[in-house]
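Below: one structure, written as structure tokens.
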Amino acid sequence: MAPRLEIKGLSKFFPGVRALDDVSMSVEGGEIRALLGENGAGKSTLGKIVAGVYSRNQGTILVDGAEIADLDEKAAGDLGIGIVHQEGSLVPQLSVAENIFAGRQPTQWLGQVDVRTMRDRARVLIAQLGVAIDPALKVSTLSPAQSQIVEIAKALSRDLRILILDEPTAALTLTETEKLFDVVRRLASNGVSVIYVSHRLAEIFALCHSVTVLKDGKLAGTRRVSETSTDELIRLMVGRDVHFSRAAAGRKIGDIVLEAESVDAPPLVRSASISVRSGEIVCLAGLIGSGRSEFCEAIFGARRRRGGSIRIGGKPIDPRGPWDGKHAGIGMVPEDRKAAGLFLGMDIVNNVAATVLSKVSSGANFSNRKAEALAKNFVNELRIATPSVRQIVGNLSGGNQQKVLLAKWLAMEPRLLIVDEPTRGVDVGARSEIYRLLRALADKGVALLVVSSDLPEVLALADRIVVMAEGRTVGELPGDGASEEQVLRLATRYTASVAEVRKEPGMAEA
Amino acid sequence: MTMQITQPMAENAEHRRENLFVRIVRRLADSRELTLFVLVIALALAMSIVYPNNFPTASNMRAVLLNLAPVGILVCGMMLLMIGGTFDLSVGSTLAFSGVWAAVVAGWWGWPAEVAVLVGILVGALCGLVNGLIVTRIGINALIATLGTLTIYRSLTYVTAGTGVTPITDAFAEYGRAADPLLRIQSPFWAMLVLVLVGGWLVARTRFFRQFYFIGGNPRAAQLSGIRVDRLILIGFVIMGALAGLAGVLGAARLNSAVVNAGVGIELKVITATVLGGASLKGGEGTILGGILGVLFIALIENAMIINAIGVFWQGLVVGLVLLFAVSLDRFKTSSRA
Amino acid sequence: MTMQITQPMAENAEHRRENLFVRIVRRLADSRELTLFVLVIALALAMSIVYPNNFPTASNMRAVLLNLAPVGILVCGMMLLMIGGTFDLSVGSTLAFSGVWAAVVAGWWGWPAEVAVLVGILVGALCGLVNGLIVTRIGINALIATLGTLTIYRSLTYVTAGTGVTPITDAFAEYGRAADPLLRIQSPFWAMLVLVLVGGWLVARTRFFRQFYFIGGNPRAAQLSGIRVDRLILIGFVIMGALAGLAGVLGAARLNSAVVNAGVGIELKVITATVLGGASLKGGEGTILGGILGVLFIALIENAMIINAIGVFWQGLVVGLVLLFAVSLDRFKTSSRA
Amino acid sequence: QESSFGPADAKETYYWISNKANLPLFVQYDYVGMKRIAEELGVKVIVAGPTDFDVPGFISAVDQVCAQKPSGVSVVGGWDPSLTESVKKCMEQGVPTVVDDGDLPDSGRLAYIGTNWTQVGVAQAKKLMEMLPKGGKVASMSIINAGNMREAVAGFKAYVEANGGGKYTIVANEDDGGDAQKAAQVTAAILAAHPDIAGLAGFDSESGAGIVTALREAGKNPGDIKVTAMEQTPDFFKSAKEGWVDGIVVQNRELFIYYAVKLLHDYNTNTLKSAGLSSKDGGRPIPDSLDTGVILITKDNVDKVLTALNVK
Ligand SMILES: Nc1ncnc2c1ncn2[C@@H]1O[C@H](COP(=O)(O)OP(=O)(O)OP(=O)(O)O)[C@@H](O)[C@H]1O
Ligand SMILES: Nc1ncnc2c1ncn2[C@@H]1O[C@H](COP(=O)(O)OP(=O)(O)OP(=O)(O)O)[C@@H](O)[C@H]1O
Ligand SMILES: [Mg+2]
Ligand SMILES: [Mg+2]
């Protein structure tokens, strides 16, 4: 029998980039195949070609033995190819249910959308991922994590033959990830082929049958998961060894930089306090929707604050906008890099320069030379894979975009750097680099406040862990020796599960 | 459909009943449609009380409703386009071009009136098709593309029939003059009403037209979701063109005269009403109902100014302030900064 | 700047030299500015060859350059706004309002011409300020906000000076009539030239104005990068208003007459030129140079049509086609779908 | 600025409706006649209509005004023939309606008051030909989409062709959109296209100012190129004295609404009969049309005009 999906000699060129170079692979029905590779290795490009988004330059694609010639998004969908895109494909103004069935809503007479059926089916699809989201809500009111759930539900809403998941868990926490795995396993047992892209190696070992590794657009190898090891995969991907151990302590922790007390920023932050010292990495942990991002925004000035006090270096500040936060020496890397972080239509140089306009200027003049030099520095230092610093950021791979985003704020040399989900979508190599970078920053005396939903990350980075739940800071753990269980217990002290908080927006008030 | 998850579902059902009412109220309070509806009613009431002999008379209402018909017809198409994140500035020229062609066919060539009506609408649809092709195939943005065709279609109108066709034929004129026996409002209004009702239903409810909300909301996401963005935008432009054609034909028939100046500047009125009705240049929002309420509101303001005999020098001030007032109302409900 | 990373840098230096030339060529080929520049040159050359006694004469060039000045001045401001992702439809009304106020101050009140010029520009800036406040504070979108103020300012112009002010004063008129001794082109052109050069430099090079590109590129990201989006947009509107004020003052001075209908419909011309010059409604792109080339191109086309004796009915067709042609040229260079 | 005249408690209300209802030309002249007649008869006269060029808005205004059943309406018919239907409807509703400044012959209007636009064209043609006995190239400009101006341009062309003996060629007929700056730009381009142009005729009220500006800016001297134009603000008459313009057609606009309202008032109140029928019975005891005539301001009579208008 022919394999479910067979790819032969696939190549794809972008201006100045060979995104895929003669890649062949085949996936059987019911197989869960991991696709691994560094940022920019071509994983998303491969997924997108199979899903009909990009046209290929060379190569053939066969589904169940039949060659697929002309493929566009709709044709791919009709063939039973579902995809969760790394960058998302939701329309914020529309409801959850409608997004899930975009263009394929169930209809009654005369093509009229059957709203009731649509919502019911949407609710079921979401519920199997272990979350309750009202299908009538607009997507714009959802958190990134909830959006991700909806995104997955959307891909699951078809009669699937092939499912491509491009970093579906980047925005999820453990609970939802587990549920997602259950669903994927069930689909696979029903004969659906799954291509699973992720930078979290642990997930690959937990979920996948086999793994294909790409390097610089070329096939680096395919292994059975049972016959390989983390180290081998990393070597295939990166070509060297990478370690994630906690750095040996011994950093000099200095004076208090940030002191926030009972910050109240409705509707999500009720009474949150935190302090960060210079040279210290404080991780803010908590469940999705616990208001961590909002708390950080309130500190930075990006969100209106109703009460509480914020002091930087002992001096009280009252930021009325991000510029005030910036002025006080705060930098903030937002979690949603596309919507809030990057200028996708502009090149790396300008993106990096956005926060440091005065630094890259001579007098009143914006200096392209200085800005380019600065950008080049960061491209080299963070190993951003790009043909040139003049590349449009929207054309970079997801992980490289994340690096540009970090670079933008590193350039500002803040006293306090708030990083919301620093490694979302970042490959293992880059992840270790980012950790190294953050630690180096701390070594230099910068105070770091890191929000992360990735518990191993929290445990690897934190000098101190502060846990939030329902808009309050509910506890604190030393970074050394803390365990995932301890963090989770604190985070869920007041709520049994995220699902219940999120079900009714009004309920949390009670 | 199967209900696998029992426990949370049961709870939800409770909530749902309570929510339905609350939700409707909240949605209405947040919606531009309601704001406009209240404003329209308030204005009509006030005028009826102050000018009982002038405003709420049959002849005044007839005059108001008949004259808002062309803008009303165009708003249906413009709303569709703006929901899809684009727009068409050439509607006034398309309207004139279609009207003149219908008149040429009926008046100069002596073909039957039915054929002339059809020709007019087809010419309009053709203009829309050209707009759509320029926007989707060549990839020129809608602003400059339809600014270009605005002058082109107007120029073609002049070239087709230098000073217009007057009179056309009585049979043709009947299409724009026939009035219902009861209310005695002429056909353009009824055509508009049908379009608003059918179009309103189509755009709000049917799967096909809902795709425009996806396109306007996030064209890339729509494309990734398998929605054929270009094809739909093209269809949107053709519909807009056909509606402009219809408006042109009805206008020419009503006046029994196809003038080359028909619809000059109407695009701004149409876009004003559409945006007042809740559309935005960014796309993804708006309803036909909102659009038509916008048209009605502006028409009533203009009528009120005539009845009030507000000096011509001051009218712009009044219209502008009322416009700003109406669109700013719902801004105060939601806090400005997220 | 320190060079820490030695190895890749050395390699880069090689690349760089090669790249510099390639990059310049590629960037030019991709840029609207070059397309327009080539078109302008080609048109001027063709006209000079075919009509050596009519087109390239000093007096014709003088007239073309003088007459494009008002649109040219406005394009500087509009380009800035469109780079920042917004725009202003009220410029024509602002222009008239400012011109009339300057004329009232000079002609009716008999104040010195210098003061009148200043008053005119201030009135314009004030109009811009109001626009900016409506857009940034009340949060009404720029389309409907400036459509509203378009009618408001025009109405206020009527109310200020029903039939306009004619004549103003000779001293005031001198501001629009003074010509340089060498080329004998009048002041509005020189004012425009200075604005284009200074504005072009400011927008392309200074860090302050660079912020508009960020705002247009992604307003939310700009805000979170510490850029004061609202304040800058407000400043953009004030600049636009002041420029409209200047254009109004110079126009009134040149004709020694402030007419209340000055600048009717000029917003479409300005936006056409701006978009032709490379701006887009989405924001984040465009240069002043491009905008002014757009103005020049359109002005030359209009001039060429009259010299070519193209019938007035056909002129719209030619302008429209040329416009579409010009903006479609660079579309063919980049393939549509990746 | 006033746009309604007469006592507030007047028993009769008349409307005057136009496009660009506050065009300076109208305010300067038409409004004066309006005010005078309102005071003379003790009736109210109100200006209505859009302030921009907006034919649908104009039609809509006529319909809505007539729905108020005023004592009478005068419509500026020159803008567009499509007003015919609305005027007809006013008459059907029993609202006495006249047309001024451009006729709508098929509308069933009670009367037309104004100049004959063909005659305006002829007057300019005559003057230009008189100033250019040896013939030469001439050009015209107007608002191409205004009906009355098209009539004038046609009259101009017909007269030149019929009486010019082949000595004159009309080299261009351009559009200035009723905007003096555009008129200046167009004039400059005409000068470039035809360096030997001998005469220019402008048909909208802003053409003249634009032509003179462009000629001055081109370094011409008064009289180098012969110019005829329409009346504008009083200041414009100076250009006839200075020799920039050789003939300015004055339409006697103050008479337009004065007589329009007077005729409407007469129709309503005089008890004269036509063929035994009073106005109530379908008679039309008023004139069918009233030609207000044109006068031409030239060097010869401009001094008197300037003195009378108190222009310095
Ligand atoms: N539309 C595009 N235009 C130009 N280059 C592109 C485009 N899309 C992707 N690329 C380039 O192709 C290469 C592969 O990108 P791709 O997104 O497939 O990487 P990836 O393996 O998914 O990385 P990540 O793990 O960061 O998501 C990158 O170098 C990227 O810059
Ligand atoms: N502007 C807003 N208005 C109303 N609700 C909002 C807004 N922004 C975010 N929310 C809501 O806030 C909730 C919490 O946001 P978010 O999930 O980002 O918190 P978090 O603790 O940072 O979690 P994570 O970063 O893991 O997603 C979400 O449910 C989202 O719906
Ligand atoms: Mg990717
Ligand atoms: Mg968050």
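The values are calculated or read from the model by the stated rules, or taken from the named source; none is laboratory data. What you see is a predicted model, and the numbers here were worked out from it, not measured in a lab. Ideal geometry is used to build each Cβ from the backbone, glycine not excepted, and the neighbour counts take in all protein chains shown. Side chains included, ligands, DNA and RNA excluded: accessible areas come from the protein's heavy atoms. Shrake-Rupley method; radii C 1.70, N 1.55, O 1.52, S 1.80 Å.
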**Fill in**
Of the listed residues (A:ALA407, A:ALA373, A:ALA364), the one being in contact with a Phe, Trp or Tyr (Cβ under 9 Å, 6 or more places away or on another chain), within 14 Å of another protein chain (Cβ to nearest Cβ) and open to solvent by 10 Å² or more (accessible area, probe 1.4 Å) is A:ALA364
**Asked** Hey, among B:VAL203, B:VAL238, B:VAL264, which residue is in contact (Cβ under 8 Å) with a residue 60 or more places away in the chain, more than 30 Å from A:GLU98 (Cα to Cα), surrounded by fewer than 24 Cβ atoms within 10 Å (Cβ to Cβ) and not small (Gly, Ala, Ser)?
**Response** B:VAL264
**Message:** Checking A:GLN146 against (1) within 16 Å of ligand 2 (Cβ to nearest atom); (2) away from every other protein chain (no Cβ under 14 Å); (3) surrounded by fewer than 24 Cβ atoms within 10 Å (Cβ to Cβ); (4) not in a helix (DSSP H, G or I), only one condition comes out false. Which one?
**Reply:** (4)
**Asked** Which of the following residues is without any contact (Cβ under 8 Å) to a residue 60 or more places away in the chain, hydrophobic (A, V, I, L, M, F, W, C) and either within 16 Å of ligand 4 (Cβ to nearest atom) or not in a loop (DSSP other than H, G, I, E, B) (or both): A:ALA76, A:ALA69?
**Response** A:ALA76
**Prompt:** Residues of the range A:307-327 being in contact (Cβ under 8 Å) with a residue 24 or more places away in the chain and either crowded, with 17+ Cβ neighbours inside 10 Å or within 7 Å of another protein chain (Cβ to nearest Cβ) (or both), which ones?
**Reply:** A:GLY308, A:ILE310, A:ILE312, A:GLY325, A:LYS326
**Request:** For the range A:66-75, enumerate the residues that are under 8 Å from B:GLY226 (Cα atoms) and either open to solvent by 20 Å² or more (accessible area, probe 1.4 Å) or not charged (D, E, K, R) (or both).
**Result:** A:ASP72, A:LYS74, A:ALA75
**Single match in A:GLY321, A:GLY301, A:GLY325 (criterion: more than 21 Å from the chain's Cα centre (by Cα) and more than 16 Å from ligand 2 (Cβ to nearest atom))** = A:GLY325
**Item:** Meets criteria (surrounded by fewer than 21 Cβ atoms within 10 Å (Cβ to Cβ) and hydroxyl-bearing (Ser, Thr, Tyr)) for D:THR187
**Value:** no
**Request:** Please identify the pairs in which a residue from the range A:171-191 that is more than 14 Å from chain B (Cβ to nearest Cβ) and without any contact (Cβ under 8 Å) to a residue 24 or more places away in the chain has its Cβ atom under 8 Å from the Cβ atom of a residue that is away from ligand 3 (no atom under 16 Å from the Cβ) and part of a helix (DSSP H, G or I), counting only partners at least 6 apart or on another chain.
**Result:** none
**Item:** Selection from the range B:285-300 of residues that are assigned to a helix (DSSP H, G or I), open to solvent by 20 Å² or more (accessible area, probe 1.4 Å) and of a type in the set (Val, Ile, Thr)
**Value:** B:ILE292, B:ILE298
**Message:** Whether any residue in the range A:17-37 is part of a loop (DSSP other than H, G, I, E, B) and under 30 Å from A:THR141 (Cα atoms) is what I want to check.
**Reply:** no
**Prompt:** Could you list, in sequence order, the residues of the range A:116-137 that are within 10 Å of chain B (Cβ to nearest Cβ), within 24 Å of A:GLU294 (Cβ to Cβ) and surrounded by fewer than 19 Cβ atoms within 10 Å (Cβ to Cβ)?
**Reply:** A:ALA136
**Asked** Are any residues in the range A:389-421 within 16 Å of ligand 2 (Cβ to nearest atom) and at pLDDT 90 or above, and if so, which ones?
**Response** A:LEU405, A:ILE418, A:VAL419, A:ASP420
**Item:** Hey, B:ALA253 open to solvent by 20 Å² or more (accessible area, probe 1.4 Å) and over 23 Å from B:THR146 (Cβ atoms) or not
**Value:** no
**Request:** Filter the range A:281-305 down to the residues that are within 14 Å of chain B (Cβ to nearest Cβ), open to solvent by less than 20 Å² (accessible area, probe 1.4 Å) and in a helix (DSSP H, G or I), then identify the one that is nearest to ligand 1 (Cβ to nearest atom).
**Result:** A:SER293
**Request:** Return only the number of the condition from (1) within 14 Å of chain B (Cβ to nearest Cβ); (2) closer than 28 Å to D:GLU174 by Cβ; (3) part of a helix (DSSP H, G or I) that C:SER328 does not satisfy.
**Result:** (2)
**Message:** As an exercise: evaluate B:GLY107 against (1) at pLDDT 95 or above; (2) more than 14 Å from chain C (Cβ to nearest Cβ) and give the number of the one condition it does not meet.
**Reply:** (1)
**Prompt:** In the set A:ILE68, A:ILE81, which member is more than 16 Å from ligand 2 (Cβ to nearest atom) and at pLDDT 90 or above?
**Reply:** A:ILE81
**Prompt:** If you scan the range D:13-52, which residues turn out to be more than 9 Å from chain C (Cβ to nearest Cβ), open to solvent by 40 Å² or more (accessible area, probe 1.4 Å) and assigned to a loop (DSSP other than H, G, I, E, B)?
**Reply:** none
**Request:** Would you mind stating whether A:GLU372 is part of a helix (DSSP H, G or I), away from ligand 3 (no atom under 16 Å from the Cβ) and out of contact with any helix residue (DSSP H, G or I) (no Cβ under 7 Å at 6 or more places or on another chain)?
**Result:** no
**Fill in**
Of (1) more than 12 Å from chain B (Cβ to nearest Cβ); (2) open to solvent by 10 Å² or more (accessible area, probe 1.4 Å); (3) under 21 Å from the mean Cα position of the chain (by Cα), A:LYS154 satisfies every one except (1)
**Item:** Checking A:PHE14 against (1) within 16 Å of ligand 1 (Cβ to nearest atom); (2) under 11 Å from A:LEU219 (Cα atoms), the condition it does not meet
**Value:** (2)
**Set A:LEU20, A:LEU35: member being touching a Phe, Trp or Tyr at 6+ places or on another chain (Cβ under 8 Å), modelled with pLDDT of 90 or more and crowded, with 16+ Cβ neighbours inside 10 Å** = A:LEU35
